[in-house]
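One structure is given here, and the rest of the page talks about it.
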Amino acid sequence: MGLESKLPDVGTSIFAIMSGLAKEHNAINLSQGFPDFNCDQKLLEYCQKYMNAGFNQYSPMQGVIQLRERIAQILENCYGAVYSPDTEITVTAGATQGIYTAVSAFVRPGDEVIVFEPCYDSYIPSILTNGGKPVKVKLIAPEFKINWQEVRSKINTSTKMIIINTPHNPTGQIFSEQDMLELERTVKGKNIIVLSDEVYEHIIFDGGRHQSACRFKSLADQSFVISSFGKTIHTTGWKLGYVAARKELMEEFRKVHQFLVFSVNHPFQLGIADFLADKANYLELKDFYQKKRDLFLHLTSGSRFIPVKAQGTYFQLMSYKNISQEKDTDLAIRFTKEKGIATVPLSVFYSDKTDPGILRFCFAKKNETLEKAAAIINRL
């Protein structure tokens, strides 16, 4: 038919590939970012209550008011930011849908969008599908710091958006307050939208503080803040998230949202709103995952891997320079097939396939899973 792909270079995601290999070879799967334990039983009971009560038809397009009010409460409690539940918060079918919708609402053919690599795999396809041009700024291993002078040198009259991600997937690093102030100064007074992917907002370690874009007044006025309930309440398969932005931005976002998904899972929204009424169900998440990170680092301390200690998220980077000189993709596949441990190679998060000799391990697993995985890792 002479079809021309909008994404000719995009194939099956590395997460699906590695999880498929893990299943095929019965390997322990520390590749894709999802827990192997269930969510809280009370959360399931809340959702079941609303299903039994008949809340099984379409929800309001912008999300049920109970959940939007809860999100506004969390944003104010955690960051001192005030958002209107009516006009400035929308519930989405996961963070990826929120990201795509925000890009679609504003990026036109020829517009430039700055992204930091390594980056989550949905950013660049979202830009390209909408005719935009991704402009990459590379974070160099192992510190993965931002050169703000380089960022400013990339900005011109075509720059429409900057996408940031903190805590950062795949590196596990976080933006500092100084980083956010630099970003605020960089975009202030310019017609540039910031898309701040904050899906791991409640998973910060070692007494660190999440520097949400909504903490900074003028930055918040130019930003979409996007998050995910899947990461917070261990329900990645429910695909529920939220977007917060000032009214003028949100009006345009909702124009696209209503025709992309219209609305999302009704009874689960209500159940989540009830569950998150208890602040401990999100404020204690950092302690829960720090124990898992520390356990994983302790269990693998006898290995030849060199960790790049995660500051947040539930991912731990490990350099294998003392183990092999193989290409990271080849090594990840070999370890899955021959050693029974599945990881994700870092090079897939770079458009030019930069290979710093690092693998990403997900530690959102039962302790016994981490113990079994560590026994393999220590033999590599």
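The values are calculated or read from the model by the stated rules, or taken from the named source; none is laboratory data. Just so you know, these numbers come straight off a predicted model, no measurement behind them. Cβ sites come from the backbone with ideal geometry, for glycine too, and all protein chains shown count toward neighbours.
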Out of 325, 316, I need the residue that is at negative phi, surrounded by fewer than 18 Cβ atoms within 10 Å (Cβ to Cβ) and not charged (D, E, K, R). Which one?
325
Within the range 148-182, how many residues are free of Cβ contacts under 8 Å to residues at least 40 places away in the same chain and in a helix (DSSP H, G or I)?
12
Would you list the helices (runs of 4 or more DSSP H) that sit entirely within the range 274-380 and hold 1 or more residues that are of a type in the set (Lys, Arg)?
285-299, 328-334, 367-377
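Are any of the residues in the range 226-239 of a type in the set (Phe, Trp, Tyr), outside any helix (DSSP H, G or I) and either under 24 Å from residue 104 (Cβ atoms) or touching a helix residue (DSSP H, G or I) at 6+ places or on another chain (Cβ under 9 Å) (or both)?
Taking every residue of the range 226-239 in turn, none turns out to be of a type in the set (Phe, Trp, Tyr), outside any helix (DSSP H, G or I) and either under 24 Å from residue 104 (Cβ atoms) or touching a helix residue (DSSP H, G or I) at 6+ places or on another chain (Cβ under 9 Å) (or both).
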With the structure loaded, tell me whether residue 105 is assigned to a loop (DSSP other than H, G, I, E, B), aliphatic (A, V, I, L, M) and closer than 22 Å to residue 212 by Cβ or whether it fails that test.
no
Every residue in the range 123-147 that is closer than 15 Å to residue 161 by Cα and part of a loop (DSSP other than H, G, I, E, B), please.
130, 131, 132
Taking the range 134-154 and keeping only residues that are surrounded by fewer than 17 Cβ atoms within 10 Å (Cβ to Cβ) and over 21 Å from the mean Cα position of the chain (by Cα), one is left with 147, 148, 149, 150, 152, 153, 154
Just to be sure, is residue 20 small (Gly, Ala, Ser), more than 27 Å from residue 365 (Cβ to Cβ) and surrounded by fewer than 18 Cβ atoms within 10 Å (Cβ to Cβ)?
no
Filter the range 353-380 for residues that are within 22 Å of residue 144 (Cα to Cα) and more than 21 Å from the chain's Cα centre (by Cα); the one that is surrounded by the most Cβ atoms within 10 Å (Cβ to Cβ) is 357
Out of 45, 4, report the one residue that is outside the structural domain of residue 359 (by TED's automatic domain parsing), loosely packed, with under 10 Cβ neighbours inside 10 Å and of a type in the set (Asp, Glu).
4
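Counting just the residues of the range 241-262 that are assigned to a loop (DSSP other than H, G, I, E, B) and under 21 Å from the mean Cα position of the chain (by Cα), which one comes out surrounded by the fewest Cβ atoms within 10 Å (Cβ to Cβ)?
Looking at the filtered set, the residue picked out is 261.
One residue is enough: does the range 176-183 have a residue meeting the conditions assigned by TED's automatic domain parsing to the domain that holds residue 63, surrounded by fewer than 24 Cβ atoms within 10 Å (Cβ to Cβ) and under 30 Å from residue 237 (Cα atoms)?
no
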Of the numbered conditions (1) in the same structural domain as residue 89 (by TED's automatic domain parsing); (2) over 16 Å from the mean Cα position of the chain (by Cα); (3) not hydrophobic (A, V, I, L, M, F, W, C), residue 325 fails exactly one; give the number of that condition.
(1)
Where residues in the range 155-175 are hydrophobic (A, V, I, L, M, F, W, C) and more than 26 Å from residue 356 (Cα to Cα), which of them is surrounded by the most Cβ atoms within 10 Å (Cβ to Cβ)?
161
Looking only at residues in the range 184-223 that are of a type in the set (Ser, Thr, Tyr) and surrounded by fewer than 21 Cβ atoms within 10 Å (Cβ to Cβ), which one is farthest from residue 245 (Cα to Cα)?
186
